[in-house]
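Accompanying notes for the structure given below.
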Amino acid sequence: MTSTAIVRLENVGKQYGKVVSLRNVTLEIGSNEIVGLIGDNGAGKSTLIKVLTGVEQPTSGSIYIRGKKIDAASYSVKEAHNLRIETVYQDSSLGEKQPLWRNFFVGRPITNWLGLIDVKTEKRIAEHIMRTTIGFRGAGIDVDTPVSRLSGGERQGVAIGRAMHFESDLIVLDEPTVALALKEVQRVLDFIRSIKAGGRSCIYIEHNIHHVHEVCDRLVVLDRGEVALDVPASSLSYTELADFLMSLHSARDTSAH
Amino acid sequence: MAEAAHTPGRTARTRTLSDIFKIEGVAIALVFILLVVIFMITAPRAFMGYRVYMSFMATVPPPMVIALGLTLVAVAGEIDLSFPSVVAFASYVFCILYIDYDMTWLALLAATAVGTAMGFINGLVVTKLGIPSLIATLGMLFLWGGLVTVVSNGASLAIPDIQGTLFHTIFAGRLGVFPVQILWALLTAVLIWIVLNRHRFGESLLFIGDSKAVARVVGIATEREKVKLFTLMGAMSAFAGVLLTLETTTYFANAGMGYLLIVVAAVFIGGTSIFGGSGKVVGTVFGSLIVAIIEAGLVASGVQGFWTRFFIGLVFIVSVTLNAAIEDPDKVPLLKQLRSRAKK
Ligand SMILES: Nc1ncnc2c1ncn2[C@@H]1O[C@H](COP(=O)(O)OP(=O)(O)OP(=O)(O)O)[C@@H](O)[C@H]1O
Ligand SMILES: [Mg+2]
C-alpha cells in the first residue's frame with residue numbers, strides 16, 4: 001500500500017501503576033483496511049484502543065495519524081473525532097439517565113453560534129438512525145427514552161448507530177457483537193463490509209475468530225501486551241489461526257512452570 | 001409509533017392528566033400551593049393578606065439565585081458549600097466600594113468579578129487537587145470566610161443611603177408594593193433553564209453527573225467544564241450577595257451563613273437528583289419558595305421559632321427520599337427491603 005497509513009503506533013507502551021498493559025507495540029492501519037485485533041482477556045486490546053483514541057495517554061512511544069505526529073499531552077477523544085476516528089468502546093459509553101437523542105450527539109452537538117443545541121434537528125436525525133440503521137422496532141422506545149430502559153443489545157445498537165452516523169475514516173469496534181442476537185451480529189458484520197466498500201478503515205476486536213477471519217484483511221494478535229502476530233488474513237486459514245492462538249497458551253503454560 | 005403507544009383502554013382524561021404531571025414543575029407547584037392553603041388555614045391573619053407574599057418576594061431572590069447555580073453543580077454530581085462566604089465577600093466588596101468611592105454599577109461588577117475569581121479557584125481546588133467537592137468547598141467556606149473577616153476587620157458596614165438611587169431601584173426597588181428583585185431571580189431561572197436543557201454546557205454537565213467515565217469517552221473535557229461550573233457558581237453567589245446587600249443595606253461577615261441549609265434544601269426538594277445526571281430548574285424555583293414559606297408559615301402559625309429548622313430538615317429528608325424513590329425505588333434501601341419482603 002503506497003498511501004500513508006491512517007494510524008501508526010510506534011513502540012507504544014502503557015502502564016497502569018505497576019501493571020504493564022502494552023509493551024512496545026508497533027502497528028499500522030492502512031487506508032481501506034479492515035484489521036482484526038485478537039487476543040486473550042487482558043491481552044491489552046482495549047487499552048490499545050483507548051491509547052489510540054485519546055482516552056488514555058501512552059506511557060511511552062508515539063502515535064502518528066496520517067503521517068503527522070500526535071502530541072500525546074493534548075490528544076483527546078475530541079481530537080480523535082476531529083481526525084475522523086470513531087470508536088465503539090467495550091465498556092458502556094452511554095449516559096444512563098439521558099435520552100437517546102442526547103446520547104447520539106453528546107460531545108459534538110448541533111449548535112448555533114451561542115452554543116444552543118438544535119434539539120429538533122438532533123431528534124429528527126436520531127429518529128432516523130434508530131429506524132433505519134439500528135432497526136429498532138422495539139415497542140415503546142423512542143428518542144426520548146433514557147438509556148437505562150434499554151436492553152444490553154439495544155444499548156450496543158445505539159453505540160454502533162452513533163458510530164455509523166458520524167462517518168469516519170477509521171472506525172474502531174471493541175467487541176461490538178457481545179450482547180447481540182444472531183441477526184444483529186450479521187448486521188454488524190454487514191456494517192464492517194460496508195466500511196470496506198466505502199473505502200474506509202476499521203479495527204475490529206472480537207473473540208469469535210470465525211467472524212474476524214471472515215471479514216478482515218489483516219490479523220493482529222496481542223499477547224500479554226505485545227504484538228505476537230501481524231499477517232494478512234489470506235495467508236492463514238481459520239484452523240491455522242486457531243492453532244496459533246492455542247500455541248500461545250501452551251507456550252505460556254510451559255513458561256509458567 | 002406514538003399512536004401505538006396509547007392503548008385503547010386508556011381514556012383521554014387520564015392521558016391528559018398524566019401529561020400535565022409530566023410538565024416540569026407541576027407536581028412541586030402543587031405541593032407549594034398545598035402549603036399555602038394549609039398556612040391560610042393555620043395562620044389566616046398573615047397568609048390571607050398580600051403583605052407576607054410581598055415580603056417573600058423580597059427575601060427569596062438571593063437564596064433562589066444561589067440555588068439555581070447549585071442546581072447546575074448538583075447536576076454534575078458535585079456540591080459547593082462555599083457560597084455563604086462568597087456571598088459575604090461580594091457583599092463586603094460592594095459596600096466598601098460604595099462607601100469609599102460612591103460606586104454602584106462598578107461595585108456590582110467588581111463584586112461579581114471577585115466572586116467569579118473565588119469560584120474559579122474553587123474549581124481548580126476540586127479538579128487539580130482531586131479533593132471531593134464536598135470536602136474541598138467546605139474547606140473553602142472557612143478559608144474565604146476567614147479571609148473576608150480579616151479583610152473587613154470583623155466590622156459590619158451599613159449603606160442606608162443607597163436606597164433611592166437609580167441602581168437600588170433597578171435591583172431592589174418596588175413596583176408599587178412589588179419587589180423587583182424577584183424578576184431578576186426569575187430571569188436567572190430562565191437563563192439557567194436554557195443553559196441546562198438547551199446549551200451544550202448543560203449537556204456536558206448532565207453527562208459528567210451521569211458518569212465521569214462516559215463523559216470522557218464521548219469527548220467532554222470534564223476538568224475544564226467543572227472549572228467553568230464552579231466559576232459560574234461563584235459569579236451567581238456574588239450576584240446573590242449584592243441582591244442581599246441591597247435589600248438589607250448592610251454587610252456583616254456571617255451574612256450568607258443562614259443560606260447554607262435552605263439553599264441546599266431548596267435544590268434537592270426541587271427534585272434535582274442527589275446522584276447527579278439530572279436537574280430540575282423549575283423545581284429549584286419552587287423549592288426555594290417552599291423552604292421560605294415553611295419558615296414563615298410555621299412562625300405565623302404559632303410554632304416556636306426553633307422548630308422551623310427541625311421542620312425544614314424533616315421536609316428535606318422526606319422529599320429527597322421521595323425523589324430518589326421516584327427515580328429508582330431500589331436506590332432507597334428501606335423500600336428495597338420492604339419490597340423484597342412483600343414478594344415472599
Ligand atoms: N484502568 C486500569 N487500571 C489498571 N489496570 C488496568 C486498567 N485498564 C486495564 N488494566 C489492565 O490492563 C490489562 C489489559 O486490559 P485490557 O482491558 O486492555 O484487556 P483486553 O485485551 O481488552 O481484554 P478483554 O478481552 O477481556 O476485553 C489487564 O491486565 C487489565 O487488568
Ligand atoms: Mg477489552
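Computed quantities for the displayed model
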read-out	value
Flag for A:Gly107 being at positive phi, in contact (Cβ under 8 Å) with a residue 24 or more places away in the chain and away from ligand 2 (no atom under 16 Å from the Cβ)	yes
Residue match in the range A:213-232 (condition: of a type in the set (Lys, Arg), over 16 Å from the mean Cα position of the chain (by Cα) and within 16 Å of ligand 2 (Cβ to nearest atom))	yes
Residues that are under 12 Å from B:Phe167 (Cα atoms) and free of Cβ contacts under 8 Å to residues at least 24 places away in the same chain, drawn from the range B:95-106	B:Asp102, B:Met103, B:Leu106
Number of positions in the range A:77-106 that are of a type in the set (Gly, Ala, Ser) and within 16 Å of ligand 1 (Cβ to nearest atom)	2
Only one of B:Gly270, B:Gly297, B:Gly256 that is modelled with pLDDT under 95 and touching a Pro at 6+ places or on another chain (Cβ under 6 Å)	B:Gly256
Qualifying residue in the range B:160-182 (condition: within 30 Å of B:Gly276 (Cα to Cα), more than 9 Å from every other protein chain (Cβ to nearest Cβ) and either crowded, with 16+ Cβ neighbours inside 10 Å or of a type in the set (D, E, K, R) (or both))	yes
Any hit, the range A:146-168, residues being touching a strand residue (DSSP E or B) at 6+ places or on another chain (Cβ under 6 Å), within 11 Å of another protein chain (Cβ to nearest Cβ), crowded, with 17+ Cβ neighbours inside 10 Å and assigned to a loop (DSSP other than H, G, I, E, B)	no
Residue that is out of contact with any strand residue (DSSP E or B) (no Cβ under 9 Å at 6 or more places or on another chain) and more than 18 Å from B:Leu30 (Cα to Cα), where the choices are B:Ala342, B:Ala292, B:Ala266	B:Ala342
All positions within the range A:77-98 that are more than 9 Å from the chain's Cα centre (by Cα), in a loop (DSSP other than H, G, I, E, B) and more than 9 Å from chain B (Cβ to nearest Cβ)	A:Leu83, A:Arg84
Candidates B:Arg200, B:Arg216 - the one that is over 15 Å from the mean Cα position of the chain (by Cα), at pLDDT below 95, buried (at least 19 other Cβ atoms within 10 Å of the Cβ) and within 14 Å of chain A (Cβ to nearest Cβ)	B:Arg216
Enumeration of residues in the range A:29-74 that are outside any strand (DSSP E or B), under 14 Å from A:Thr87 (Cβ atoms) and more than 10 Å from ligand 2 (Cβ to nearest atom)	A:Val51, A:Leu52, A:Thr53, A:Gly54, A:Val55, A:Glu56
So A:Ser74, is it more than 16 Å from ligand 1 (Cβ to nearest atom), out of contact with any Gly (no Cβ under 7 Å at 6 or more places or on another chain) and at pLDDT below 90	yes
Test: residue in the range B:240-258 that is touching a residue at least 40 places away in the same chain (Cβ under 8 Å) and within 14 Å of chain A (Cβ to nearest Cβ)	no
Unmet criterion (only one of (1) more than 16 Å from ligand 2 (Cβ to nearest atom); (2) on the phi < 0 side of the Ramachandran plot) for A:Arg84	(2)
Residue within the range A:41-52 that is over 16 Å from B:Ile220 (Cα atoms), in contact with a Ser or Thr (Cβ under 9 Å, 6 or more places away or on another chain), modelled with pLDDT of 90 or more and more than 16 Å from ligand 1 (Cβ to nearest atom) present	no
So A:Thr59, is it without any contact (Cβ under 8 Å) to a residue 12 or more places away in the chain, away from chain B (no Cβ under 13 Å) and not aromatic (Phe, Trp, Tyr)	no
Filter result (under 30 Å from B:Arg174 (Cα atoms), outside any helix (DSSP H, G or I) and touching a residue at least 60 places away in the same chain (Cβ under 8 Å)) within the range B:112-164	B:Ser156, B:Leu157, B:Ala158, B:Ile159, B:Gln163
Any hit, the range A:107-123, residues being under 30 Å from B:Val190 (Cα atoms), within 8 Å of chain B (Cβ to nearest Cβ) and assigned to a helix (DSSP H, G or I)	yes
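Every residue, every condition in (1) within 16 Å of ligand 1 (Cβ to nearest atom); (2) modelled with pLDDT of 90 or more, yes or no:
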site: A:Pro146; (1), (2): no, yes
site: A:Gln156; (1), (2): yes, no
site: A:Ala159; (1), (2): yes, no
site: A:Phe166; (1), (2): no, no
site: A:Arg218; (1), (2): no, yes
site: A:Glu240; (1), (2): no, no
site: A:Phe244; (1), (2): no, no
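Residues are listed down the side, and each one gets a yes or a no for (1) farther than 28 Å from A:Glu33 by Cβ; (2) away from ligand 2 (no atom under 16 Å from the Cβ):
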position	(1), (2)
A:Pro146	yes, yes
A:Glu154	yes, yes
A:Arg162	no, yes
A:Phe166	no, yes
A:Val172	no, no
A:Thr177	no, no
A:Val185	no, yes
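The values are calculated or read from the model by the stated rules, or taken from the named source; none is laboratory data. Here the structure is a predicted model, which is why all the values come from computation and not from measurement. All Cβ positions, glycine included, derive from the backbone under ideal geometry; neighbour counts span all protein chains shown.
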